[in-house]
1. Over all alpha-carbon pairs of segment 137-273, lay out the pair-distance distribution in 5 Å bins, whole %, shortest bin first.
2. Pull out the extension gain between L220 and R274, defined as 0.36 nm times the separation in residues minus the alpha carbon to alpha carbon distance; nm, one decimal.
3. For the chain, what does the helix formula give at 222 nm: sum of -39500 (n - 2.57) over DSSP H segments with n ≥ 4, over the residue count, nearest 500 deg cm²/dmol?
4. Just to confirm a number: summing +1 for Lys and Arg and -1 for Asp and Glu over residues other than G275 whose beta-carbon lies under 15 angstrom from that of G275, what do you get?
5. Can you work out the FRET efficiency for the pair R332 and L157, with r the C-beta to C-beta distance and R0 = 45 Å, to the nearest 0.05?
6. Using a 1.4 Å probe over the heavy atoms of the protein chains, calculate the carbon and sulfur portion of the accessible area of the chain as a whole percent.
7. Give the accessible surface of segment 277-400 per residue, rounded to a whole number of Å², with probe radius 1.4 Å and ligands, DNA and RNA excluded.
8. What nm distance separates the two modelled labels at L368 and A460, each placed 7 Å from Cα along Cα→Cβ?
Amino acid sequence: MSTPMETTSGAPVAEPTGGAAAASGGGFQARWGDRLNPLVVKEVRQGFRTRIFWACFGLMLLSCVVLALVAFVQTRDAAFSQFGQTYFFAFFVCLAVVHFFVIPYSAYRSLAREREDDTWVLLVLTGLGPRRILRGKVLSFLVQAALYASAVGPFLLFSYYLNGIALPTILVVLGLSAAWLVFLTVVAVGAATLADSRMGRGLVHFVVLGALGLAFAMALGIASALTDAADRLLHTDGVLLAMSICLGLMLLDGWLLFEVAASRLSLSTEDYTRGPRRAVAAQMGVALVAGLVLWWVDDKKHVVTEVFATLGTVHLTLVSLFMASDVDGQARALRAGTSPWSLMRPGALRGFRLAVLLLVGWNVAWFLAAVFSEHTSSRSEPYRMVMAVMPAYSVLYLSLALLLGRMPKSDRFSSPAAVRLLFVATVGVAAGLPPLFAEVVGLEAGDSLINLLNPVVGVANFSSHDYSTGLPEMSWAMVGFLGGLALLCAFMADRVLTEREKRAHRL
């Protein structure tokens, strides 16, 4: 039997010297080809073959070339020019049209088209899974955005040599715009998973167009402000803090929206809630640590606790509404490893419990911070009351929506969408009816007793104090009443969800 180095007649044949290199090169390419998401390669190749890509790329490059020629002519005879700021913003507008509108909208249409044409099933059959598919969609359009940026980059750098703009300003604007681009792309891809019907997709389409137009205008406004007054703004602590908070929000909310989109595309037999709920818990943990560090560095001022507690509670209430309005029960394959406190597993019961724990834990942490804050005014006690009643209002109306939707035996109002509408309706009635009733009976619209259950006027009443005496207008007894009522409704909602889950598992 002949060896690979011999012919059939036994004469040796020299192996090509490049064989080993080709084999190793092939192994390297195959190894990295397996690691790289194949959807990225597919989407990038498909995007490069579209007319919209080359049309936008050509028009953007042509606009930059024309602007560069105009700048050359305008500054050729000028002994000392200061046109860098003007032309940097002009070049940035050319890039912003693509980065903040064309790329996110193309990402949205790419996934929406997969669902409209029923080719999503073919992608799922590849075994990649919803999370890797969405990641591939996002990364492929970010690769295209990087190609656009590489074409405009030399022109942006060219504006630096026209004087009038500092290099740190250019880097800050480009860094913030890159974060904004990633966030908008993730939001656009997530929006493509929202609707299943034709009418719903049409509505989402118009909403995405409006949101991207607003995002484009916001980006231009912020970039214009930074280029005009960067030397002053970038040395202001408040501006740097706002920029850091915005970057953190884009990162954390982008992660949450990505996980929500992946869970919407997952099967009911999968642990589809683990990603979003883990993202929410991590998000609030990072926000709590960052807020406490800022509170400590800022000499324990009370305003930090007020801002973080209020914004965090509003955000958590909105997120909790989606967690607690999940479907009842879970797939049979997931029941074996699920305990009563497996809060990351699917099911409205576990989502509601996680929501209550996060709301209470968040406000307890900031309540303790408020206790140890610098008490420089009489506002300290009223705002401690606010931190105690805000989670009570959230839990109360979240529980009422669940009780109204899922306590009846009929399933007419038990769907997730119906529960969310009931929450909006109950909050709207509780916010609008008490002031109207007070006007009818001849009392003040903001009467403290009538508006005790009002989630808007009630919070305002708890945060106010009597200027003549310096004492709060509300009492801790009212705080205790609201807390007790919220706990009672939460207990009832928990029992209702428990019974509905048992009934769903028996079916």
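The values are calculated or read from the model by the stated rules, or taken from the named source; none is laboratory data. Being a predicted model, the structure only gives us computed values, none of them experimental. Using ideal geometry, Cβ is built from the backbone for each residue, glycine included, and neighbour counts are taken over all protein chains shown. Remember, those area values only see protein heavy atoms, side chains included, never the ligands or the DNA or RNA. Shrake-Rupley method; radii C 1.70, N 1.55, O 1.52, S 1.80 Å.
1. 2, 8, 14, 18, 18, 15, 10, 7, 4, 3, 1, 0, 0
2. Length gained, L220 through R274: 15.7 nm.
3. That calculation yields -25500 deg cm²/dmol at 222 nm.
4. +4
5. Step by step, r from the Cβ atoms, then E = 0.15.
6. Its accessible area is 70 percent carbon and sulfur atoms.
7. Roughly 41 Å² per residue, with all protein chains present.
8. Rounded to a tenth, the inter-label distance reads 3.3 nm.
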